[in-house]
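Trainee: I have a structure I would like to understand better, so I am pasting it below and will then ask my questions one at a time.
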Amino acid sequence: MKILVSGATGRMGQMIRTVLADDSECSIGGLLEYPKHPAIGQRQQPESLILQSDFTEAVAGCDVIIDFSLPVGCIHHAEMAAKLGIPFVSGTTGLSTEQQEKLKIAAQDIPLFWAANMSLGVALVRALVRQAAQTLGAEHFDIEILERHHRNKVDAPSGTAIALGEAAAEGRGVNHETHAVYHRPRIGEAREKGTIGYAAIRGGGIVGDHEVLFLSEYEQISIGHHAMKRELFAAGAIRAAKWLATQPAGLYGMDDIFA
C-alpha cells in the first residue's frame, strides 16, 4: 500500500516517514508540502521522491493519505481526497467547528479518519475519563485538565486535551462547549460548579502529557497519559491508514479501530 505523506517535512511528517521506512506492508508514494515551502521541487531522502505542492500530482498512485498539515491545508486536502475517492487520515489539531463540519462533509464520499491523538493509550484514557465523570457527579467533584507540550506547539489547549474534556462532558451528559473554561483572569469569580477547566503548559521538548483531575473536598483522582516518544503517534497514524483502506465512506476515530 502506497501512502502520501502530507506535511512531509514537519515534525510528525518526518516521524511518519521514519517509521514507514521499516514497514513491510506500506511504502511512501508521495511527499506533499505547502506551495511556498523552500524545498518544493527538491528530491527528498531517503525516499528519493520530489517534494511537491500540487496535491493531484503528489497523490497519483497512492492508496491512502496521511495528513499532519495545518488546519487550512488539512481541510483543502480532505476535500481534494473526497473528489478523487482516496481514503484520508488526519491528526491535524486546532480545527474550528466550521472546519470539523467540512471533514464530516468530505467523509460522505470517502473513508476519513480523524483523531486529535493517534495513541491507543489515549483512547483508553478517554474511556476511563468518560466512566469516571459519569460516576463522580458534578455536585461533589470538579474536573480540571492539565496538558504539557513542547514549545513549538501552536494550539492550546491541545486537541487531545479537548477530546478528554469532551469525554468528561459525555460522561456527565452535558454540552462540552457551554461547560468548558479555557481561560481564567488573574482576578475573577470563583470556580463555577460543573465546569471543565483547562490549563496548558508549553516548553522545552515535551512530547505530550495529559492529566484529568477529579477533585472533591476530600480526595483527588488523576487519570493521565505520558507520551515518551513521538513514534507512538506515527505508528498509530500508519495503523489507522491500514485499517481505513478497507472501510466504507464515513467519519472514523480511534474508538472505531478498537471497537
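No lab work stands behind these numbers, since they all come straight from the coordinates. As the structure is a prediction and not an experimental result, all values here were calculated from the model. Here the Cβ is made from the backbone with ideal geometry for all residues, glycine too, and neighbour counts use every protein chain on show.
Trainee: Counting only other residues whose beta carbon sits under 12 Å from that of Leu51, what net charge do I get with K and R as +1, D and E as -1?
Mentor: Combined, the nearby Lys, Arg, Asp and Glu give -2.
Trainee: Another question about this same structure. Would you kindly state how much longer the chain becomes between Asp256 and Ser222 on full extension, computed as 0.36 nm times their sequence separation minus their alpha carbon distance, in nm to one decimal? Spell out each step's value before the answer.
Mentor: On the way: separation 34, 0.36 × 34 = 12.24 nm, distance 2.55 nm.
Result for the pair: 9.7 nm of gain on full extension.
Trainee: At 4 °C and 1.567 mPa s, grab the translational diffusion coefficient of the stretch 143-204 from Stokes-Einstein with a Kirkwood Rh over Cα pairs, rounded to a whole number in µm² per second.
Mentor: Numbers: Rh = 12.4 Å.
So the translational diffusion coefficient is about 105 µm²/s.
Trainee: Give the Debye-formula value of log10 I(q)/I(0) at each listed q (0.07, 0.14 Å⁻¹), with one equal scatterer per alpha carbon of the chain, two decimals each.
Mentor: The Cα Debye sum returns log10 ratios of -0.26, -0.95.
Trainee: Pairs of alpha-carbon atoms within less than 8 angstrom and 6+ residues apart define the contacts here; what relative contact order does the stretch 204-245 have, in percent?
Mentor: Answer for the stretch 204-245 is 33 percent.
Trainee: Using helices alone, I'd like the mean residue ellipticity at 222 nm for the chain: each DSSP H run of four-plus residues gives -39500 (n - 2.57), total over residue count, nearest 500.
Mentor: It comes out at -10500 deg cm²/dmol, rounded to the nearest 500.
Trainee: Let me ask you something else. When a/c reaches 1.5 or more, the comparison of a/b and b/c decides; with that in mind, is the stretch 90-139 rounded, prolate or oblate per its Cα gyration tensor?
Mentor: prolate
Trainee: By counting other Cβ atoms within 10 Å of each Cβ, how are Glu231, Glu189, Glu219, Glu166 ranked from fewest to most?
Mentor: Going from least to most buried by this count: Glu189, Glu219, Glu231, Glu166.
Trainee: What full-extension length gain, to one decimal in nm, is calculated for Ser48 and Tyr182 as 0.36 nm per residue of separation minus the Cα-Cα distance?
Mentor: Computed gain between Ser48 and Tyr182 is 43.8 nm.
Trainee: So for the chain, averaging the separation of alpha carbon pairs under 8 Å that are six or more residues apart and normalising by length, what relative contact order in percent results?
Mentor: 21 percent
Trainee: OK, next. Sort all Cα-Cα distances of the stretch 196-259 into consecutive 10 angstrom bins from zero, then give the percent of pairs in each bin up to the one containing the longest distance.
Mentor: Distribution as computed: 15, 33, 30, 19, 3 percent.
Trainee: Just the number: Rg to Rh for the stretch 120-227, Cα atoms, Kirkwood Rh, two decimals.
Mentor: Working: Rg = 13.5 Å, Rh = 14.1 Å.
Expressed as Rg/Rh, it is 0.96.
Trainee: Please report the base-10 log of the normalised intensity I(q)/I(0) for the stretch 1-85, using a Debye sum with one equal scatterer per alpha carbon and no solvent, at each q in 0.13, 0.27 (1/Å).
Mentor: Computed log10 I(q)/I(0) values: -0.35, -1.57.
Trainee: Over the stretch 120-227, calculate the relative contact order: mean separation of alpha carbon pairs under 8 Å at least 6 apart, over the residue count, as a percent.
Mentor: Contact order relative to length: 41 percent.
Trainee: Let me ask something else. With 10 angstrom as the radius, rank Ser6, Ser24, Ser119, Ser90 by how many other C-beta atoms surround their C-beta, starting from the fewest.
Mentor: In increasing order of surrounding Cβ atoms, one gets Ser24, Ser119, Ser90, Ser6.
Trainee: Going by alpha carbons, how many degrees (0 to 90, nearest 10) lie between the helix axis of 97-106 and the longest principal axis of the chain?
Mentor: 40 degrees
Trainee: Mind sorting His226, His179, His210 by how few other Cβ atoms lie within 10 Å of their own Cβ, fewest first?
Mentor: Least to most surrounded, the residues fall as His226, His179, His210.
Trainee: Distance between the C-alpha centers of the stretch 162-177 and the stretch 101-125? Whole Å please.
Mentor: Centre-to-centre distance over Cα atoms comes out at 17 Å.
Trainee: In nm, to one decimal, how far is the Asp109 label point from the Asp155 one, both placed 7 Å along Cα→Cβ?
Mentor: 2.3 nm
Trainee: Between the stretch 229-259 and the stretch 37-84, how many Å separate their Cα centres?
Mentor: 19 Å
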